[in-house]
1. Name the single residue that is nearest to Arg271 (Cα to Cα) among those in segment 298-312 being open to solvent by less than 30 Å² (accessible area, probe 1.4 Å) and touching a Lys or Arg at 6+ places or on another chain (Cβ under 8 Å).
2. For segment 24-67, how many residues are open to solvent by 40 Å² or more (accessible area, probe 1.4 Å) and within 16 Å of the ligand (Cβ to nearest atom)?
3. With respect to Gly124, is the statement that it is farther than 21 Å from Ala189 by Cβ and not in a strand (DSSP E or B) true?
4. The conditions are (1) assigned by TED's automatic domain parsing to the domain that holds Asp187; (2) open to solvent by less than 60 Å² (accessible area, probe 1.4 Å); (3) closer than 28 Å to Asn298 by Cα; (4) away from the ligand (no atom under 16 Å from the Cβ), and Gly85 fails exactly one of them. Which is it?
5. Which residue, of Leu332, Leu285, is among the aliphatic types (A, V, I, L, M), surrounded by 20 or more Cβ atoms within 10 Å (Cβ to Cβ), on the phi < 0 side of the Ramachandran plot and assigned to a loop (DSSP other than H, G, I, E, B)?
6. Being at pLDDT 95 or above and under 21 Å from Tyr231 (Cβ atoms) is true for just one of Gly101, Gly85. Which residue is that?
Amino acid sequence: MSLITPQPGIMDIALYQGGAAHVAGMTDVIKLSSNENPLGPSPAAMQAVRDSAATLHRYPSTDHAALRAAIGAVHGLDPDRIICGVGSDEVLQFVVHAYAGPGDEVIYTEHGFAMYPILARMVGATPVQVAETERRVDVDTILAACNDRTRVVFIANPGNPTSTMLPDDEVARLADGLPAGALLVLDGAYAEFVDGFDGGAGLVAARGNVIMTRTFSKIYGLGGLRVGWGYAPRDIIDVLNRIRQPFNLSATALAAAEAAVRDQGFVAHCRRENAHWRAWLSAELAAAGVPSDASCSNFILARFASPDEATACDAYLQSRGLIVRRVAGYNLPAALRITVGDETGCRRVAAAVAAFKGGAA
Ligand SMILES: *Cc1c(COP(=O)(O)O)cnc(C)c1O
């Protein structure tokens with residue numbers, strides 16, 4: 001037997017499955033499987049990418065001061081409490097790396113984001129999955145699962161793939177009820193889709209045990225660049241910065257993200273378009289016999305009569321050049337997660353689901 005062995009937990013990781021992007025033999029395909037912005041990135045961000053080309057021989061900023069200042073100005077946050085990462089996934093990774101290890105427990109919920117158990121195993125910690133109630137995070141169930149080994153609790157708010165939200169007072173109750181050694185991570189990947197929602201920033205400011213993460217991958221339409229950020233108490237940011245590589249973000253990514261966050265007019269436009277087509281799509285699906293919870297994000301969790309029906313509908317949609325996301329791996333075998341596309345995407349997927357339910361398959 002080889003003496004060269006990976007650290008505990010690593011071989012238990014099942015590789016993350018991204019949303020499919022292609023259907024064999026088809027060209028006119030619409031991808032609604034990864035919650036991407038159908039309107040693309042802000043024109044200002046695209047210009048910043050082009051402008052960055054001439055100075056790519058220079059190393060990027062290591063403290064991300066300009067991007068943190070822009071985020072702070074737009075959101076009314078202290079830039080010294082912000083950390084930037086290669087997607088919010090990297091910020092989430094900093095958290096488990098810094099605060100959990102073998103023997104420790106990391107809590108996530110029944111339909112929680114697939115990265116949470118992967119991150120726990122990455123550092124040799126034990127992922128602990130707790131039940132939700134009707135596709136909603138349940139604070140009492142989480143608190144009941146906590147013990148003196150609990151180090152990190154992950155909640156996405158709004159949730160992915162559920163699209164439901166935990167109200168502020170419930171999130172506060174969760175933060176207040178955690179054991180002393182546990183950190184609450186509020187993953188706000190979809191926070192911008194909720195009018196007036198601060199993603200939990202207010203809770204971070206008022207407590208010592210909460211970190212909020214945000215991303216440029218969803219409403220900002222910059223998933224291809226990989227930029228995210230976190231907001232936490234100063235002492236936690238100081239810890240996370242020690243394990244961050246000095247040049248984790250490229251100059252291009254920093255420049256594009258800064259331009260994007262300053263272009264809040266574009267963000268507001270995307271939020272309105274999403275809300276409009278989300279309402280239209282969920283009503284069309286409901287009329288076709290496919291219900292969903294009221295969505296707080298840029299996707300709809302469409303519920304079918306059975307796992308078989310969801311599988312058959314997914315196959316039918318693919319045959320029509322429409323890629324959506326199976327969520328059986330999220331303990332939702334009878335559902336499909338459908339990203340809210342632009343008008344064309346929404347009309348095509350609504351018509352196809354209606355045709356499927358009407359017996360076209
Ligand atoms: C998309 C998503 C992220 C964002 O990941 P990035 O690394 O920032 O692209 C984080 N959490 C959830 C729940 C998501 O759906």
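1. Here is the first cut: in segment 298-312, the ones open to solvent by less than 30 Å² (accessible area, probe 1.4 Å) are 298-302, 304, 310.
Remaining after also requiring touching a Lys or Arg at 6+ places or on another chain (Cβ under 8 Å): 298-302, 310.
On the way: Asn298: 9, Phe299: 12, Ile300: 15, Leu301: 18, Ala302: 21, Ala310: 28 Å.
Filtering segment 298-312 for residues that are open to solvent by less than 30 Å² (accessible area, probe 1.4 Å) and touching a Lys or Arg at 6+ places or on another chain (Cβ under 8 Å), the one nearest to Arg271 (Cα to Cα) comes out as Asn298.
2. Of the residues in segment 24-67, 3 are open to solvent by 40 Å² or more (accessible area, probe 1.4 Å) and within 16 Å of the ligand (Cβ to nearest atom).
3. Values: farther than 21 Å from Ala189 by Cβ: yes; not in a strand (DSSP E or B): yes.
So Gly124 fits the description; yes.
4. (4)
5. On the way: Leu285 fails: assigned to a loop (DSSP other than H, G, I, E, B).
Matching residue, one of Leu332, Leu285: Leu332.
6. On the way: Gly101 fails: under 21 Å from Tyr231 (Cβ atoms).
From the options Gly101, Gly85, the qualifying one is Gly85.
The values are calculated or read from the model by the stated rules, or taken from the named source; none is laboratory data. Source: prediction; values computed, not measured. Because the Cβ atoms are built from the backbone with ideal geometry, glycine has one as well, and the counts that use them run over all protein chains shown. Surface areas here come from the heavy atoms of the whole protein model, side chains and all, with no ligands, DNA or RNA. Shrake-Rupley method; radii C 1.70, N 1.55, O 1.52, S 1.80 Å.
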